[in-house]
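Q: Take a look at the following structure, please.
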Amino acid sequence: MSQPASSLKTSSSRRLLSRFGLSGRGLVVLVPYVWLLLFFLIPFAIVLKISFAEADIAIPPYTALLDWAEGGMLTVKLNFASFMFLLTDSLYAVAYLNSLKIAFVSTVLCLLLGYPMAYGIAKAPASWRGPLLMLIILPFWTSFLIRVYAWIGILKQEGLLNNFLIWLGVIDTPLNILYTDVSIYIGIVYSYLPFMILPLYATLEKLDDTLLEAAADLGARPVKAFLAVTLPLSMPGIVAGSLLVFIPAVGEFVIPSLLGGPNTLMIGAVLWNEFFSNRDWPVASAVAIALLLFLVVPIMLFQYFQEKQQEAAKQ
Amino acid sequence: MAQTTTQSGRKIKLEPWQDPKEQPYLRIEKVTKKFGDFTAVDDVSLSIYRGEFFSLLGGSGSGKTTLLRMLAGFETPTSGKIFIDGVDMSNIPPYERPVNMMFQSYALFPHMTVEQNIAFGLKQDRVPRDQIRVRVAEVLDLVQLGRFAKRRPHQLSGGQRQRVALARSLVKRPKLLLLDEPLGALDRRLREQTQFELVNIQEQVGITFVIVTHDQEEAMTMSSRIAVMNSGWIAQVGTPAQIYEYPATKFVAEFIGSVNMFAGRILEDEPDHVLIQSEEAGCDLYINHGVPVPLGTPVSVAVRPEKMSISREPPPVDSGRNVTRGTVREIAYLGNLSNYLIELDSGKMVRITQPNFNRLTEMPITWEDRVHVSWQPFAGVVLTQ
Amino acid sequence: MMRRSGFVLTMLAFGYAFLYVPIILLIIYSFNESRLVTVWGGWSTKWYVGLLHNQQMLSAAWLSLRIAALSATISVILGTMAGMAMARFGRFKGRTLFGGMITAPLVMPEVITGLSLLLLFVSLEQLIGWPEGRGMTTITIAHVTFTMAFVAVIVQSRLVSLDESIEEAAMDLGARPAKIFFVITLPIISPAIVSGWLLAFTLSLDDLVIASFVSGPASTTLPMVIFSSVRLGVTPEINALATIIVAIVTTGIIAAGVIMARQERIRRIDEQMASASNA
């Protein structure tokens, strides 16, 4: 009937592709796939490799792992010195534990502040939600570095916060906040709060109000209804938000290096120093590998939830 | 259309599926579709003829939509073949099939006007611009949407969107139009009105329609034939009347309309009648046609509620067959009809529908009345599976 | 009910104050005559003038903008392909690994990404002589790698919520897959792609850690300049820079808000039209 001959013609570009055993569809997967393999996955293998090398005064500053021994035998020289170093020098253990502690506490603080905010936004009149949400995202579009820097001026000994509190008469002597754990908590909560609020908002907004009404109708008081209905149903948001804060916070570098002091060692800054100041690439690599090992479980958890959420959205 | 002469010398029109000389337009041959371990469509064979309005009727998960999607080319059969107008569709992608589909969600392109939506398919075929204009105008006329040509889908009501979707799938004049629950998203009144419109449009354009629906009334109203599907199988194919009056299985009998089912055993089997003993019914069941099963076989007899009648007095001719007694348990007055729920003396509940001939009779049958339930020899259908 | 909503309101007020007070103070003190952040020395715009004459800062900003625009563009192309593959191609070989490589960069600590990419570039240079040294190219590649994950996730979630039968309808009407993508899918998901581009642009413009690892001596980005000057002490020029960035972003957001409000109004009129013409 009206099937034109043209639709039976194969275009020349398609024929060209299929000569290489590729469809256009295959190309759509292949290009980003190859990119990520090359620039995301293989680099980890190289980090692993170099963590087993020995520091050397050379360019690049490490020894080769593979060697062609005499007689053409390929020998592998694995050097565990960097990892042994991590175990023996307590600085690293302290830094790892401190990073985990700081990331954990910051995540909890983010959740405590972010949950009521996300809840408030989700329950606001519909016309308010957009602007309120925009105001959460807005700071994110301005420089992260500068926003962290702003806190130096506020938290300093002779800074704005202390001046304000002394003026109010709350305190007599200035508080020592900057360069302590507290200033790092403030910095992390401040920078990562949007990452907590957005997934929380996404789940809370979808929540059916009639569920709470049903709970109230069945005799649950507001607090009880919240604990029995809202909280469990917003669990996916809580998990996603917490992981989005916790994982990057463990390896955070900028915040501890601007707001932290000598007693607030975090592993991101340690890695940075090993690399840039000590130029010890094998130890820096070993630090990175060890950090990855700490984060593998949370990262996989994050992926699992991400995948599940996409599946749920499909339904 | 072919004609044939009956023994009595009267000429009757022969429907295409009754005519051995007619070639099927769409032939589905032993098609199976598996998704992993799940078999969605199980060894289905069907022949559909030119100009038919054919319905695939079934509940959710019956495989009707999967079968339709295989016709469109969105799913590939795990085994089996599909022929349209004699051409094997196995290696033909959806965009080259002489088939168009109207989607349940309508799937209108939100960023295009009504006109652009309808012209889309013609543009893919590189139809000259002036011809596109003429054909779009024609089909817009057909669905009476001429004045909405410049609107976007979100500026239309549900019923209008439905008609745009129909126009878009008709404009290419496909050999086969597939409709996936075309009326599913409309409200009841609009749906009834649109059923007739759809049949009218089909008659005007003469395109073969294959429609998927879960609504038996819709299928009965519109179709030339219906295939009832159940868990991937075709339970029965036939005209609406055949399927209602002569269901082939218990599933079909219960799926289409309501039915009273009596379990029993064959006592007598003659060419012109069978006699069935049924404890559930509380009487012997006499049916005026034979069945090809041996004596003693357990069978079910299906009797439609409107084919049974109730009375306080025993029926004039009481042969002890097709007459039983029970107590009225529930009455639902629907105006034109009343539905009665009767508990037979065997404990079996049966449903009976009676037209309300008289206005409020003096002594209407009421709750807890003892009544006789009776039906004619032609009313029952013997089912073996 | 009353008491809890009071609590929620308090937290909202506190949260927004927490987010905005530092930024507002930053802006106010950018007009401070005094070099000391904590002492108000009268109004002045001298830090803005200073900023305009800070050649190092300006060239770093120019480099950062170029890298951000380039990497956001590449990242949108690759990220859209990846999101498309994840949302539409069902199960393909290696999908689990692919999905992992798309979501992991979202949370991967920057020091790890930065270090691993640097080591890759060094090894590649040893092996095949490319990339020659490090600079704009290596920073761009690094930024594409970590920002495309964000684009892919945005595009994927948009596609997942898009009725797949719209694309099937186009195929049914005779359009080939590539044509469907460009004529149907792309126009419909374009808002998601625009926000993906903006996000990638911002992330690239903002990145200090990864850029520090993979940059060469000749390529100093804006965050690197800011970081080194901030480390040396508080300088009001940074406040002036922050004020300019906030002004640009706010203008952009307000413009977007106005456009969105207008579209919303049109949509509402459309809906009224639809219900009025319901026949």
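The values are calculated or read from the model by the stated rules, or taken from the named source; none is laboratory data. Keep in mind that this is a model prediction, so the values were computed, not measured. Here the Cβ positions follow ideal geometry from the backbone for every residue, glycine too, while neighbour counts run over all protein chains shown. Remember, those area values only see protein heavy atoms, side chains included, never the ligands or the DNA or RNA. Shrake-Rupley method; radii C 1.70, N 1.55, O 1.52, S 1.80 Å.
Q: Here is a check on your reading of the model: is B:PHE378 out of contact with any strand residue (DSSP E or B) (no Cβ under 7 Å at 6 or more places or on another chain), closer than 30 Å to B:GLU270 by Cβ and open to solvent by 40 Å² or more (accessible area, probe 1.4 Å)?
A: yes
Q: Still on this model: Among the residues of region A:105-141, what is the count of those that are touching a residue at least 60 places away in the same chain (Cβ under 8 Å), facing another protein chain (nearest Cβ under 8 Å) and closer than 24 Å to C:TRP197 by Cα?
A: The qualifying residues number 1.
Q: Please go through region B:159-201 and give me each residue that is open to solvent by less than 10 Å² (accessible area, probe 1.4 Å), in contact with a Gly (Cβ under 9 Å, 6 or more places away or on another chain) and hydrophobic (A, V, I, L, M, F, W, C), ordered by number.
A: Result: B:VAL171, single match.
Q: Which of the residues that make up region C:74-101 are hydrophobic (A, V, I, L, M, F, W, C), open to solvent by 40 Å² or more (accessible area, probe 1.4 Å) and not in a helix (DSSP H, G or I)?
A: Within region C:74-101, C:PHE92 is the sole residue that qualifies.
Q: Taking the residues in region B:15-73 that are among the hydrophobic types (A, V, I, L, M, F, W, C) and either touching a Phe, Trp or Tyr at 6+ places or on another chain (Cβ under 6 Å) or modelled with pLDDT under 90 (or both) as candidates, determine which candidate is most open to solvent (accessible area, probe 1.4 Å).
A: Let us first name the residues in region B:15-73 that are among the hydrophobic types (A, V, I, L, M, F, W, C), namely B:17, B:26, B:28, B:31, B:35, B:38, B:40-41, B:44, B:46, B:48, B:53-54, B:56-57, B:67-68, B:70-72.
With either touching a Phe, Trp or Tyr at 6+ places or on another chain (Cβ under 6 Å) or modelled with pLDDT under 90 (or both) added as a condition, the list becomes B:17, B:48, B:53.
Details: B:TRP17: 59, B:ILE48: 3, B:PHE53: 7 Å².
Checked region B:15-73; the qualifying residue most open to solvent (accessible area, probe 1.4 Å) is B:TRP17.
Q: Among the listed residues C:LEU159, C:LEU186, identify the single one that is open to solvent by 40 Å² or more (accessible area, probe 1.4 Å), more than 8 Å from every other protein chain (Cβ to nearest Cβ), in a helix (DSSP H, G or I) and under 22 Å from B:ASN117 (Cα atoms).
A: C:LEU186
Q: When region B:92-106 is examined, which residues are found to be open to solvent by 40 Å² or more (accessible area, probe 1.4 Å) and facing chain C (nearest Cβ under 7 Å)?
A: Kept after step one, since they are open to solvent by 40 Å² or more (accessible area, probe 1.4 Å), are these residues of region B:92-106: B:92, B:104-105.
Residue satisfying the conditions is B:SER105 alone.
Q: Okay, next question. Among residues belonging to region A:258-298 that are among the polar types (S, T, N, Q) and buried (at least 18 other Cβ atoms within 10 Å of the Cβ), point out the one that is nearest to the other protein chains (Cβ to nearest Cβ).
A: Among residues in region A:258-298 that are among the polar types (S, T, N, Q) and buried (at least 18 other Cβ atoms within 10 Å of the Cβ), the one nearest to the other protein chains (Cβ to nearest Cβ) is A:SER285.
Q: Kindly indicate the residue of region C:41-58 that is away from every other protein chain (no Cβ under 13 Å) and within 18 Å of A:LEU145 (Cα to Cα) and also most open to solvent (accessible area, probe 1.4 Å) among those meeting that condition.
A: So, considering only residues that are away from every other protein chain (no Cβ under 13 Å) and within 18 Å of A:LEU145 (Cα to Cα), the one most open to solvent (accessible area, probe 1.4 Å) is C:GLN56.
Quick grid of which residues meet (1) open to solvent by less than 40 Å² (accessible area, probe 1.4 Å); (2) part of a helix (DSSP H, G or I):
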| site | (1), (2) |
| --- | --- |
| C:MET148 | yes, yes |
| C:ILE154 | no, yes |
| C:ALA170 | yes, yes |
| C:GLY216 | yes, no |
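Q: What's the number of the only condition in (1) more than 10 Å from chain C (Cβ to nearest Cβ); (2) open to solvent by 30 Å² or more (accessible area, probe 1.4 Å); (3) within 30 Å of C:SER195 (Cα to Cα) that A:GLY187 fails to meet?
A: Result: A:GLY187 fails condition (2) only.
Q: Next question, about the same structure. Among residues belonging to region C:114-130 that are closer than 24 Å to A:PHE253 by Cβ and over 23 Å from the mean Cα position of the chain (by Cα), point out the one that is surrounded by the fewest Cβ atoms within 10 Å (Cβ to Cβ).
A: Checking each candidate, the answer is C:SER123.
Q: Same structure, new question: Regarding B:ILE287, is this residue surrounded by fewer than 21 Cβ atoms within 10 Å (Cβ to Cβ) and either assigned by TED's automatic domain parsing to the domain that holds B:VAL371 or without any contact (Cβ under 8 Å) to a residue 40 or more places away in the chain (or both)?
A: no
Q: Which members of region B:236-278 meet the condition of being among the acidic types (Asp, Glu) and at pLDDT 90 or above?
A: Selection gives B:GLU245, B:GLU254.
Q: Same structure, new question: Against the definition (surrounded by fewer than 24 Cβ atoms within 10 Å (Cβ to Cβ) and within 18 Å of A:SER191 (Cβ to Cβ)), how does C:LEU232 come out, yes or no? Talk me through it step by step, then tell me what you get.
A: Details: surrounded by fewer than 24 Cβ atoms within 10 Å (Cβ to Cβ): yes; within 18 Å of A:SER191 (Cβ to Cβ): no.
Taking the combined requirement at face value, the residue does not satisfy it.
Q: Would you please list the contacts, defined by Cβ atoms under 7 Å and residues six or more apart or on different chains, that run from a residue in region C:19-40 that is within 10 Å of chain A (Cβ to nearest Cβ) to a residue that is open to solvent by 50 Å² or more (accessible area, probe 1.4 Å) and modelled with pLDDT under 85?
A: From residues that are within 10 Å of chain A (Cβ to nearest Cβ), the pairs are C:THR38/A:GLU158; C:THR38/A:ASN163.
Q: Somewhere in region A:135-158, is a residue open to solvent by less than 20 Å² (accessible area, probe 1.4 Å) and of a type in the set (D, E, K, R)?
A: Checked region A:135-158: at least one residue is open to solvent by less than 20 Å² (accessible area, probe 1.4 Å) and of a type in the set (D, E, K, R).
Q: Now, a different point. So which residues in region A:142-173 are of a type outside the set (Gly, Ala, Ser), outside any helix (DSSP H, G or I) and within 11 Å of chain C (Cβ to nearest Cβ), if there are any at all?
A: Keep residues of region A:142-173 that are of a type outside the set (Gly, Ala, Ser), which gives A:142, A:144-149, A:151-152, A:154-158, A:160-168, A:170-173.
Of the ones still in play, those that are also outside any helix (DSSP H, G or I) are A:142, A:156-158, A:170-173.
A:THR142, A:LYS156, A:GLN157, A:GLU158, listed by residue number.
Q: Looking only at region B:304-340, which residues are farther than 20 Å from B:ARG370 by Cβ, touching a residue at least 24 places away in the same chain (Cβ under 8 Å) and open to solvent by less than 40 Å² (accessible area, probe 1.4 Å)?
A: B:ARG304
Q: Go through (1) touching a helix residue (DSSP H, G or I) at 6+ places or on another chain (Cβ under 7 Å); (2) more than 9 Å from chain C (Cβ to nearest Cβ); (3) modelled with pLDDT of 90 or more for A:GLU252 and report which single condition fails.
A: (2)
Q: For residues in region B:203-212 being over 15 Å from the mean Cα position of the chain (by Cα) and farther than 16 Å from B:ARG168 by Cβ, which is surrounded by the most Cβ atoms within 10 Å (Cβ to Cβ)? Even if it seems obvious, please write down each step before you answer.
A: At the first step, the residues of region B:203-212 found to be over 15 Å from the mean Cα position of the chain (by Cα) are B:203-208.
Within this subset, residues satisfying the condition of being farther than 16 Å from B:ARG168 by Cβ are B:203-204, B:206, B:208.
Details: B:GLU203: 11, B:GLN204: 10, B:GLY206: 9, B:THR208: 23.
My answer is B:THR208.
Q: Give the residues of region C:172-183 that are among the small types (Gly, Ala, Ser) and open to solvent by 60 Å² or more (accessible area, probe 1.4 Å), sorted by residue number. Give the steps one after another, and end with the answer.
A: Restricting attention to region C:172-183, the residues satisfying the condition of being among the small types (Gly, Ala, Ser) are C:174-175, C:178.
Within region C:172-183, just C:ALA178 meets the criteria.
Q: Next up: Could you list all residues from region C:193-220 that are of a type in the set (A, V, I, L, M) and under 18 Å from C:LEU119 (Cβ atoms)?
A: Answer for region C:193-220, where residues must be of a type in the set (A, V, I, L, M) and under 18 Å from C:LEU119 (Cβ atoms): C:VAL209, C:ILE210, C:ALA211, C:VAL214.
Q: Here's a follow-up. Please find, among C:ALA200, C:ALA192, C:ALA240, C:ALA211, the residue that is open to solvent by less than 30 Å² (accessible area, probe 1.4 Å) and within 14 Å of chain B (Cβ to nearest Cβ).
A: C:ALA192
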